[in-house]
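Asks: One structure coming up, written as structure tokens, with questions to follow.
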Amino acid sequence: MLEKKMEVALNQQVNAELWSSYLYLSMSYNMENTGYDGMASWFALQAKEEFEHATKIMKFIGVMDGKVTLFPIKEVKQEWNDPKDAFEDTLKHEKIVTEKIHNLMDLAIELKNYAAQNMLKWFIDEQVEEEDTVHKILEQLKRIDNNAACLYALDKELGARVLTSGK
Ligand code: MG
């Protein structure tokens, strides 16, 4: 059983996850256009993960006999000055997503929806990981400070990322 209030909130989160996917796709092509193929690949995987997050919530809505509603996806930014700029935006965005997930958990607790709480627990853990990963990359980028050789090495390193979601 899915309460109307929870259903609406989860559908909004589906939209937020799809928007995230769209944002990272945009970053991916921006990185590719500026010669960072490794980072382009990293952001492309990130986009796939966000799509999986949306799918996870949609499946939950379905299992709980709710109705999935797909809202329009708002436009995303298309240009970033450099990789540091893109990763700064990524960290800012992930912090907003974390807040959204926490608000959803607050609602699930208020409604005593234990199934939703369980499902959201996975997302809470996922956000801790996301913020940690992006924070570390950003720290490296700050240390590198646009040194071409170091940027080249980091691009190669990030390009080696493989899809680890779907846990
Ligand atoms: Mg997500």
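The values are calculated or read from the model by the stated rules, or taken from the named source; none is laboratory data. As the structure is a prediction and not an experimental result, all values here were calculated from the model. Using ideal geometry, Cβ is built from the backbone for each residue, glycine included, and neighbour counts are taken over all protein chains shown. These accessible areas exclude ligands, DNA and RNA; they are computed on the full protein's heavy atoms, side chains included. Shrake-Rupley method; radii C 1.70, N 1.55, O 1.52, S 1.80 Å.
Asks: Check off (1) at pLDDT below 95; (2) over 15 Å from Trp42 (Cα atoms) for Glu94 and give me the number that stays unchecked.
Replies: Every condition holds for Glu94 apart from (1).
Asks: Okay, moving on. Pairs needed: first member in the stretch 97-109, open to solvent by 80 Å² or more (accessible area, probe 1.4 Å) and away from the ligand (no atom under 12 Å from the Cβ); second member anywhere, assigned to a helix (DSSP H, G or I) and at pLDDT 95 or above; C-beta distance under 8 Å; at least 6 residues apart or different chains.
Replies: His102/Ile124; Asn103/Ala9; Ile109/Gln117
Asks: Here is a list: Gly38, Gly66. Which entry is crowded, with 18+ Cβ neighbours inside 10 Å, of a type outside the set (Lys, Arg), more than 16 Å from the ligand (Cβ to nearest atom) and over 17 Å from Gly159 (Cβ atoms)? Full working, then the answer.
Replies: Numbers: Gly38 fails: over 17 Å from Gly159 (Cβ atoms).
Result: Gly66 is the single residue among Gly38, Gly66 that is crowded, with 18+ Cβ neighbours inside 10 Å, of a type outside the set (Lys, Arg), more than 16 Å from the ligand (Cβ to nearest atom) and over 17 Å from Gly159 (Cβ atoms).
Asks: Exactly one condition in (1) open to solvent by 40 Å² or more (accessible area, probe 1.4 Å); (2) not in a helix (DSSP H, G or I) is false for Val76; which is it?
Replies: So Val76 meets the others, but not (1).
Asks: While we're looking at this one, here's another question. Test Val134 against the stated conditions and say whether it is of a type in the set (A, V, I, L, M) and part of a loop (DSSP other than H, G, I, E, B). Talk me through it step by step, then tell me what you get.
Replies: On the way: of a type in the set (A, V, I, L, M): yes; part of a loop (DSSP other than H, G, I, E, B): no.
Taking the combined requirement at face value, the residue does not satisfy it.
Asks: Name the single residue that is nearest to the ligand (Cβ to nearest atom) among those in the stretch 16-35 being farther than 14 Å from Thr90 by Cβ and buried (at least 18 other Cβ atoms within 10 Å of the Cβ). Please lay out each step first, then the result.
Replies: Let us first name the residues in the stretch 16-35 that are farther than 14 Å from Thr90 by Cβ, namely 16-18, 29, 32-35.
In the following step, the residues that additionally are buried (at least 18 other Cβ atoms within 10 Å of the Cβ) were identified as 16-18.
Working: Ala16: 8, Glu17: 5, Leu18: 10 Å.
So, considering only residues that are farther than 14 Å from Thr90 by Cβ and buried (at least 18 other Cβ atoms within 10 Å of the Cβ), the one nearest to the ligand (Cβ to nearest atom) is Glu17.
Asks: Continuing with this model, one more query. Which condition does Lys48 not pass, out of (1) open to solvent by 60 Å² or more (accessible area, probe 1.4 Å); (2) away from the ligand (no atom under 16 Å from the Cβ); (3) in a helix (DSSP H, G or I), if it passes all the others?
Replies: That leaves (2) as the condition not met.
Asks: Still on this model: Please state which of the following conditions Pro83 fails to meet, knowing it meets all the rest: (1) open to solvent by 10 Å² or more (accessible area, probe 1.4 Å); (2) away from the ligand (no atom under 16 Å from the Cβ); (3) not hydrophobic (A, V, I, L, M, F, W, C).
Replies: (1)
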